[in-house]
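The numbers here are math on the coordinates, done by the rules we state, and not lab data. From a predicted model like this one, the values you see are computed outputs, not experimental measurements. Backbone-built Cβ (ideal geometry, glycine too); neighbour counts: all protein chains shown.
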Ligand SMILES: Nc1ncnc2c1ncn2[C@@H]1O[C@H](COP(=O)(O)OP(=O)(O)OP(=O)(O)O)[C@@H](O)[C@H]1O
Ligand SMILES: [Mg+2]
């Protein structure tokens, strides 16, 4: 146990017991055929929830959970997508196959080599052959991509039935699936395709996540989305103050003042990634009691050393006008279009358009009618600090 920047599982995983319990209960209930859609901003802990849920599900005999992140794709082609999901399914079911067919060495064989391996031992399970042939045809461009996607899900279904279990297929960062291309981007077409396939699935349950509100709207949330009402939607929020304190106390073997936890919570808003990062910094440096001042110092170091790496890319991608508006919002703590117009001297149409753009990109979140906040308060602090280095 300790602070980690990787998705947290096992003893590193804290809190979130309600959602985990609910997911475990629902996903193992054969009467329920709906999976989960986790919605939440970047670095809030969606992947950790999925990975921990998978781990716990995989302890059961009648369930196998397959985790796959769309961000794992390198070429972003439809064939790569189908291939990688297939490999993830094989990887997750290998152990069950070895038990059922008593092939011990299967566990040592990398999933990518599994087809070859199955041939060498003359192990004929027609599901494998079928998908192998389909994938090979897809690679040569001889197969319609829609058919290939159907084959992948058919493969999951047949494997689930062969092993007599339910297969929970988790697609993390699901909206990125729209960037998958077959020559050109498949866009919403691939989502509609999967939605149609999903209607007939019996042994496979789909779960998805997404961090940008707009793309989740298009794919899942809005009434016009292909997956509207097809998932149990859960919004993931930050840790509360007592969880932040708990994480510090568990991982730092020094005295911790009461107000240190409060400060860490205030600076990070309870966003798990920042809590972990600053916690790690505190644990590494110094040996005196952790107090408010020490937390502030660690936070400053974090912003100086990591802020640009984390935020500059996104900031750089904005136009000059967008940069100036978002700067002004951070520096002057502006939350309403009216105040933005007043301070930046822009007209209200322009400001409305930019606000819409920022909310679509997930930079701002609507708090109330006409009231907008930075989705990530640490991004806001970083911007403020750039402009006024002595602010912290
Ligand atoms: N339940 C948890 N317990 C402890 N740490 C957590 C928990 N959830 C998230 N974290 C920590 O927060 C960070 C981000 O977690 P994770 O990658 O799960 O978030 P995410 O929402 O998937 O982020 P991204 O948008 O980058 O994909 C990691 O450092 C992880 O260790
Ligand atoms: Mg993630």
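Okay, here's what the table says:
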read-out	value
Rg(Cα)/(2.2 N^0.38 Å) for segment 334-384, N = residue count	1.08
FRET E, pair residue 4, residue 253, Förster distance 25 Å, beta-carbon r, rounded to 0.05	0.95
Share of alpha-carbon pairs per 5 Å distance bin for segment 10-235, given as whole %	1, 6, 15, 19, 20, 17, 12, 7, 3, 1, 0
Between 0 and 90°, nearest 10: helix 17-27 axis offset from the chain longest Cα axis	20 degrees
Difference of contour (0.36 nm per residue) and Cα-Cα distance, residue 297 to residue 107	63.6 nm
Hull shadow area, averaged, segment 78-158 [alpha-carbon convex hull, nm²]	4.9 nm²
Over the chain: Rg over Rh, Cα atoms, Kirkwood Rh	1.02
Pair-distance profile P(r), taking every C-alpha pair of segment 273-340, with 5 angstrom steps and integer %	3, 14, 18, 16, 15, 13, 11, 6, 3, 1
Mean-position separation - Cα centroids, segment 140-194 and segment 1-70, in angstrom	21 Å
Pairwise FRET efficiency - residue 179 versus residue 324, Cβ, R0 = 41 Å, nearest 0.05	0.90
Share, in percent, of DSSP beta bridges within segment 10-235 that are antiparallel, nearest 5	10 percent
The chain: antiparallel DSSP beta bridges as a percent of all, rounded to 5	20 percent
Rounded Å value of the spacing that divides the Cα centres of segment 238-256 and segment 310-388	31 Å
Rg(Cα)/(2.2 N^0.38 Å) for segment 242-387, N = residue count	1.19
Difference of contour (0.36 nm per residue) and Cα-Cα distance, residue 147 to residue 117	8.2 nm
Helical contribution to [θ] at 222 nm, DSSP H n ≥ 4, -39,500 (n - 2.57), averaged over the chain, rounded to 500	-16500 deg cm²/dmol
Computed E for residue 308/residue 125 - FRET, C-beta separation, R0 45 angstrom, nearest 0.05	0.30
